[in-house]
Amino acid sequence: MQRRVGMSFPVEHWILRKLSAYRGFFYVPPFTFMVFTFYKEWEEDLIVWPLGMMIILVGVSFRLWATKHIGRRMPWMNKKGKNLVRTGPYAIVRNPLYIGNIIIASGLSIFSELIWMVPILIFYLFILYHLVVLYEEKKLLGRWAEEYRAYLTEVPRWIPRLRDFHKCKANGFKWMDSLRSELPSLFVLLFGIFVFAAKEILSPMFE
C-alpha cells in the first residue's frame, strides 16, 4: 500500500508535484557552484564565448518555436489550452521547451570555462526534467485521456523523431507574440551571461 499525504495523493505524487512547481530553483545550486569555482578552467576565450553563444542561440530558437505553438505565458491572448498541441516541434518531440532549456543551460555553463561541468549539468537537468515530465504526463492523461495516450505512443519524449519533421505545421501564434512571451526567460539569460562575464573579468583577482 502506498503511503499518502493527507487524503488525496501518494507521497511520490506529492514530491513530483512540488518538484514541478519549484523546478526553477533547482538551477541555483549548479550555477552558483560554477560562478564561484575556478578549478581547471579552460582559458580559451576565443572558443568559449562564441561556442557558448552559438549553443544558447540554438536553445533560444527551439524555445521560441515551441512557444509559438503552445502559447505559454501569453495572458493577452486566447490560449490553445483546450486543445492538445501537436504542431511545430510538438509533432516530433513531446518536451521541446525543456530540451531548449537544457541546450541554453549547456551554452551558458560553457561561459564558466568549467568544461568538465557541462556533461554533469546536462545529466542533472535531464534527471530533473524527467521527473517533472512524469508528473505532467499524468496530469495531461487526466485532461485528454485517450487522445494524449495516443500522442504518447506516436511522439517520443526526449529524442526528436526527425523523420517526422514534415508533420511540423507552420501555424500557431505570431513570432512576435512568442518573443514577447519569452522576455522573462531572456532577461534571466542575459543576467546569467552578465554574471559569467563578470567572473571572467574578476577572475585574475582570485588567482
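Quick notes on this structure:
- Of Leu57, Leu19, Leu141, the residue with the greatest mean-square motion in the GNM of the chain, using alpha carbon springs below 10 Å, is Leu141.
- Relative compactness, the chain, computed as alpha-carbon Rg over 2.2 N^0.38 Å: 1.15
- The chain - charge dipole about Cα centre, Lys and Arg +1 at Cβ, Asp and Glu -1, debye rounded to 20: 1520
- Residue order, fewest to most beta carbons within 10 Å, for Trp65, Trp158: Trp158, Trp65
- Relative contact order computed over the chain (Cα-Cα under 8 Å; 6+ residues apart), in percent: 31
- Largest GNM mean-square fluctuation across Thr87, Thr67, Thr153, computed for the chain with C-alpha springs under 10 Å, falls on Thr153.
- Taking only the alpha carbons of region 145-204, we obtain Rg and Dmax values of 19.2, 59 Å in that order.
- 15 Å Cα-Cα reach of Lys199 towards aspartates and glutamates, excluding residues that sit fewer than 8 places from it in its own chain: Glu41, Glu43, Glu44, Asp45, Glu113, Glu207
- Candidates His69, His130, His166: whichever shows maximal mean-square fluctuation once the chain is modelled as a Gaussian network with Cα springs under 10 Å: His166
- Between region 89-106 and region 143-168, the Cα center-to-center distance that results, in Å: 14
- Among the lysines of region 40-198, pairs at least eight places apart or on separate chains and with Cα atoms under 27 Å apart come to 27.
- Shown for the chain are the DSSP H helices of 18 Å or more along their axis, judged by Cα atoms, with a mean Kyte-Doolittle hydropathy of at least 1.0: 45-70, 96-110, 118-144, 183-202.
Quick note: the coordinates plus some simple rules give every number you see, no bench work behind them. Small disclaimer: the values here were computed from a predicted structure and weren't measured. Heads up, the Cβs are rebuilt from the backbone with ideal geometry, glycines too, and the neighbour counts pull from every protein chain shown.
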